[in-house]
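The values are calculated or read from the model by the stated rules, or taken from the named source; none is laboratory data. Quantities reported herein were computed from a predicted structural model and do not represent experimental measurements. Because the Cβ atoms are built from the backbone with ideal geometry, glycine has one as well, and the counts that use them run over all protein chains shown. Only protein heavy atoms, including side chains, enter the accessible area calculation; ligands, DNA and RNA are left aside. Shrake-Rupley method; radii C 1.70, N 1.55, O 1.52, S 1.80 Å.
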Amino acid sequence: MQLSPGFFERLSQHADRRPQHAAVVTASVTLTYGDLLRRVQAGLEYFRRQGIVPGTVVGLTLDDEVDHLVATLSLMAAGAGQITLATHDTPMLRARLAQRVHLSHVVAASDAFRVAGTAFIQLPRQEVASSTLAAEVPAEPGSTLFLKTSGTTGDMNIVAFREEQIAAQSHRHDDYAGERLLRLASIEHNNSKRHRLYCVWAGGTNVFRPREATDIVDFSLRHAVSCLDISRMHASDLAASHNARELAGVKLRTGGSEVPFDVRRCIQDQVTQNLYVRYAATECGGIAMARPGEHDAEATVGRLLDEVELQIVDADDKTLPPGSVGEIRLRAPGMATEYFDSPDESARRFRHNWFYPGDVGYLRADGQLVVQGRKDDMIILNGLNICPAEIERVLESHPAVSVAAALSLPSRIHGQIPVAAVELHPNAVVTVSELQQHARQHLALRSPRRIIIMARLPRNSQGKIMRRELRPCFQPSKSET
Amino acid sequence: MTDNEIRDLIAQQLEYACLTVMRDKQLTAAFLEGRRDIALGELEMDSLAEMELCIAIEIHTGVSIVPNDLQSIGTLNSLVDVVRKGMQ
């Protein structure tokens, strides 16, 4: 197999072919591909002077998104490995990640982010920006990008991607070539970082929003954003804003957690018809995408992206026909083949040249994929399999409910008991017993046996609901609304 | 959870299970007020109704009761006692 060129070579090609095309746009600055190449070259020289050589593993603690992107590309050009030690992570987590990947250096804007046992490199923005020397890069791309992913066994998993794997994943996002891409999640989040790199690979324009810019609509219009990638939570918030319809011409992409049909309909009615809902995994990149016209009551995640192979299998790994619910397994160019330093988890998730993301769902006869939820989240009540997603879909179909999260409580006698927490629309009024009646009507035995109404469900920094944190709310002593 | 709240919980669950006896509003009210006991056998619960009653008790009080043990508890008042003692 022929290796893809590295990111530096790809960047050089864009700078050569379209030197004036905008590579990076911020509220105050536009960097062309020529400018970006010069910055990356300068970064490469600077890192080499600091002792970064091929094989070195560097931690990046940079919340300035442009600095982070430039440093990422410079380290790739240097053939160094890298991992994000996000500013929003705890010092303990940063130290733990540093230890696991045998980090030698940390690059940060402030020495408050030093990590014991590693050399510290403060990023001198002026020097990086002003250097224009051409630098030699390794003939073959050899850098490694360490991405962390939430594990199911307590500790997080780390995936070590070679540069050519990220390049191979980028081909599934060639459409970024003509886009001006704004992602609300910071580049310090792995998913965002990867899409920022895909965009560079395609020769598109990465638009970065200053943290203080709270009006997404205004910022997007001002900077001619053509593709807005936001979490489901932010998409719902956006749909409620007064000027959301001004983004009617923008492609809105979301995913990361299940996006129910009524939420999609609301986004399409209130913001834009150009709604895309994706299904992806850290271990392999993009898997499927539901495009405008494909959204329906089953909340499909659409057809598979190019070169993605996906099967639905039973407990014995036998392939199931369309329409049958089972475990999802897949393979795609650029996919990881194991987790870094987690052999047990690798053996569980990577089997027979397939990756098992731990999701259950079905493929429809029309080729659309429906993901019903995490296999680990599957609730088994006295032998009855219940997908949390089906409970959530029903609760969210109640006009008073904005978001629902279903989970199980362990039971010595019944195995697991389904329960749910809901967040209501502003000013909506409903009682728990009304919601229970609604659930029983649609779900019968699959209905949650207890429902609580919360002012706000616990979410992580990317807006994803943290179900595990809900469990203490169901202690018998807690009173219901 | 008070005795009255335990009685409420049980009555609601039996009502949801559409048990004929619980359609007798006077009987239900007497049970809720602690004036009348009802034999579990009198309720003619099927296995599904028993399971749902045990789940409801467990999830709201933390007290686990095996559905097969229900009939040996005898009456609803005894069931209230079992739950109360289990919560202590």
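Points to keep in mind about this one:
- FRET E, pair A:Leu445, A:Ser110, Förster distance 41 Å, beta-carbon r, rounded to 0.05: 0.15
- Cut-off of 10 Å, at most 10 other beta carbons, DSSP loop: longest stretch of chain A lacking such GluC sites (Glu not before Pro): A:213-481
- Computed [θ] at 222 nm, deg cm²/dmol, the protein assembly as shown (DSSP H ≥ 4; -39,500 (n - 2.57); rounded to nearest 500): -9500 deg cm²/dmol
- Computed with a 1.4 Å probe over protein heavy atoms only, the accessible area of A:Val429 comes to about 130 Å².
- Lysines whose Cα lies under 23 Å from that of B:Lys85, excluding same-chain neighbours fewer than 8 positions away: A:Lys478
- Taking amide H positions as modeled 1.01 Å from N, with prolines and chain starts lacking one, the residues under 5 Å from A:Leu409 and 5 or more places away or on another chain are A:Ile417, A:Val419.
- Shape category assigned to the range A:379-474 from the gyration tensor of Cα positions, a/c cut at 1.5: oblate
- Taking a straight line from the alpha carbon of A:Lys375, these aspartates and glutamates sit under 16 Å away, with near neighbours fewer than eight places off in the same chain left out: A:Glu258, A:Asp314, A:Asp316, A:Asp317, A:Glu327, A:Glu345, A:Asp359, A:Glu390, A:Glu392.
- Accessible heavy-atom area order of A:Asp296, A:Asp341, A:Asp306, highest first, probe of 1.4 Å: A:Asp306, A:Asp341, A:Asp296
- Using the average count of surrounding beta-carbon atoms within 10 Å as a protection proxy, the listed peptides A:111-121, A:30-40 rank, highest first, as A:30-40, A:111-121.
- In the context of the full protein assembly, A:Trp201 retains an accessible surface of approximately 0 Å², using a probe radius of 1.4 Å and ignoring ligands and nucleic acids.
- The stretch between A:Lys464 and A:Thr319 holds 49.1 nm of extra length on full extension. This uses 0.36 nm per residue minus the Cα-Cα distance.
- Peptide B:49-61, shielding by other chains (average Cβ, 10 Å cutoff): 4
- Inter-site label distance for B:Asp81 and A:Ile380 at 7 Å from Cα along Cβ, in nm: 3.8
- Anisotropy class assigned to the protein assembly as shown is prolate, per the alpha carbon gyration tensor with a/c at or over the 1.5 cut-off and a/b larger than b/c.
- Cα shape, the range A:230-374, gyration tensor, a/c 1.5 rule: prolate
- The lysines whose alpha-carbon is closer than 23 Å to the alpha-carbon of A:Lys193, local same-chain residues fewer than 8 away aside, are A:Lys148, A:Lys251, A:Lys464.
- When A:Arg10, A:Arg49 are compared by accessible surface with a 1.4 Å probe, the order from highest to lowest is A:Arg49, A:Arg10.
- For the protein assembly as shown, the solvent-accessible area works out to 43 Å² per residue, with a probe of 1.4 Å and every protein chain left in place.
- Counting DSSP beta bridges with both ends in the range A:230-374, the antiparallel % (nearest 5): 85
- DSSP assigns beta bridges within the range A:362-481; of those with both partners inside it, close to 75 percent run antiparallel.
- Rolling a 1.4 Å probe over the protein heavy atoms of the protein assembly as shown, with every protein chain left in place, gives an accessible area that is 49 percent carbon and sulfur.
- Taking the charge dipole of chain A about its Cα centre, with +1 at Lys and Arg Cβ atoms and -1 at Asp and Glu Cβ atoms, the residue from A:His88, A:Ser74, A:Met335 reaching farthest to the positive side is A:His88.
- Long-range HN-HN contacts of A:Gln372 with modeled amide H, under 5 Å: A:Val360, A:Gly361, A:Tyr362
- With each label modelled as a point 7 angstrom along the Cα→C-beta vector, the A:Leu221-A:Glu298 pair spans 3.9 nm.
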